[in-house]
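Note sheet for the following structure.
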Amino acid sequence: MKKILFTLFIIYGLGLNAQRTDYDWKKMDPKQRKEVINNLSPEERKELLTKFRNNMVMDNLNIDPSDKTEFTAIYNEYLDSQRQIKSQFNSNFNPETLSDEEAKAKLQQSFEVGQKLLDNRKRYADKMQQVIPCQKVLKLFQSEGMMRDKMNERKPHGNDNNSKPRQTP
């Protein structure tokens, strides 16, 4: 999923003629871009991805240049905060192997983390509205949902035998 997101942001960033140092991403062929990206350190890749993501958001929301720095800082803080909250829940488990007690505890934990994410989103929506109109905040959250849905569509769903929901008594 991270690779797909990274690729999407790179492609979008290329469309914005985003540049890193002296690279002209728009004029490079895909092989050259891949080579340059592969030669970047992990920190440089993360920085480039963040830059492309921020450019995409700024362009999508049509943020006034005078508000760009302040909004970008709040937006990046929001994303970091959301990531930190999500890290509190380990979703790498098989529900079918849990006892009833363990499953109930895991379910409760998922609700608590979900509530923290919602509360955090509300808090940052208020902060963002001090910089941009609420319509743009709404559009931002709407585009986050659409991006998540797109990513879920492309995610492999395992083998076809498990694609149907099952209920056990």
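The values are calculated or read from the model by the stated rules, or taken from the named source; none is laboratory data. Keep in mind that this is a model prediction, so the values were computed, not measured. FYI the Cβ positions are ideal-geometry reconstructions off the backbone, even for glycines, and counts take in every protein chain you see.
Quick look at the numbers
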read-out	value
Residue match in segment 65-79 (condition: within 16 Å of LEU140 (Cα to Cα), touching a residue at least 24 places away in the same chain (Cβ under 8 Å) and not in a helix (DSSP H, G or I))	yes
Residue among LYS104, LYS51 that alone is basic (Lys, Arg), surrounded by 13 or more Cβ atoms within 10 Å (Cβ to Cβ) and modelled with pLDDT of 85 or more	LYS51
Residue check, LYS155 under 21 Å from the mean Cα position of the chain (by Cα) and modelled with pLDDT of 95 or more	no
Matching residues in segment 54-70 - criterion: being surrounded by 13 or more Cβ atoms within 10 Å (Cβ to Cβ) and farther than 18 Å from MET147 by Cβ	ASP67, LYS68, GLU70
Any chance VAL131 is in a helix (DSSP H, G or I), in contact with a Phe, Trp or Tyr (Cβ under 7 Å, 6 or more places away or on another chain), modelled with pLDDT of 90 or more and not basic (Lys, Arg)	no
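Residue-wise test of (1) among the small types (Gly, Ala, Ser); (2) in a helix (DSSP H, G or I); (3) modelled with pLDDT of 95 or more; (4) out of contact with any Asp or Glu (no Cβ under 7 Å at 6 or more places or on another chain).
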site: ILE63; (1), (2), (3), (4): no, no, no, yes
site: ILE85; (1), (2), (3), (4): no, yes, yes, yes
site: PHE93; (1), (2), (3), (4): no, no, no, yes
site: GLU96; (1), (2), (3), (4): no, yes, no, yes
site: ASP126; (1), (2), (3), (4): no, yes, yes, yes
site: GLN142; (1), (2), (3), (4): no, yes, no, yes
site: ASP149; (1), (2), (3), (4): no, yes, no, yes
site: THR168; (1), (2), (3), (4): no, no, no, yes
